[in-house]
Amino acid sequence: MKTNVYGRPEPVCDLDLRLQAILEDAARRARPARRVVAEENRLRLGAVPDRCFLIDPLDGTVPFLHGSATYSIAICQVDAGRPAQSLVDLPGYGLRLAAAPGVLRVSGSPQALPWYGPRAVLTGPGRSGPLQALLERTAPGRYTVREVPTTSVKLVLVALGRAAAAVRLPAPGSPAVAPWDHAAAAMVLHAAGGRFAGAAGKRPAPARPTTLTGWLATAPGCAPPLGIGALLVPRTGRRTPR
């Protein structure tokens, strides 16, 4: 276990640390003058530098430890405060995605990913009840909520059209989503023609990566689920209006 940047206990395994060491070393060799912001061994989270690599060596440690394929390795290059290119590797599905503005390269078969369908809205484990209730009020019978762990995996599923949308609703006492959790996969989604945003459609990708308490991702060609955007909060420290 470790204490994360929000002061909460969180699982960490040897693979997290080994992968981070490998990625940090590769990033510093490739761009010695560029800062590296990585998840492990970080005690606090400040603003993302204008020029850096954002690294999440193992997004989805808990699913990985339970033998699930829903984990990823993600790195995002930030230039002038905005994502410039990113790489998301999903070893459990034999899939790798490289993104730059307007360009998405996919290695492996997207058919290896689970198919949830054009009416599916993804959310994290234990979060489906409030979201399903909200969608039943705003769009009765239109959507089915499915629980999928790991932010980056949900974003890739949406980017490749395996689901219509993915949502994280803010919840009291719930930890925020750090920039390294979403930056690389949000760029994949944007390159595919989808959208990733915080509050009410503001701050669409590719904007400066920041900590989020809520977000909404929509697949290419899909409209956002009704009633979701107004509940999202773009930054830590703001509360959902009542």
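The values are calculated or read from the model by the stated rules, or taken from the named source; none is laboratory data. In this text the structure is predicted, and so the values were computed from the model without any measurement. Please note that ligands, DNA and RNA were not included when accessible areas were found on the heavy atoms of the full protein model with its side chains. Shrake-Rupley method; radii C 1.70, N 1.55, O 1.52, S 1.80 Å.
Summary table
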| quantity | calculated |
| --- | --- |
| Probe 1.4 Å, all protein chains present, accessible-area order of 90, 65, 17, largest first | 65, 17, 90 |
| Rounded D (µm²/s) - segment 13-89, Kirkwood Rh over Cα pairs, Stokes-Einstein at 4 °C, 1.567 mPa s | 100 |
| Vicinal HN-Hα couplings computed from phi for segment 143-152 (Karplus, 6.51 cos²θ - 1.76 cosθ + 1.60; Hz; Gly/Pro x) | 10, 10, 8, 10, 8, 9, x, 6, 4, 5 |
| Rotationally averaged projected area of segment 50-89 (alpha carbon convex hull; nm²) | 2.7 |
| Rounded accessible area per residue of segment 100-222, 1.4 Å, Å² | 38 |
| Stokes-Einstein D in µm²/s, Kirkwood radius over Cα pairs - segment 116-204 at 4 °C with 1.567 mPa s viscosity | 96 |
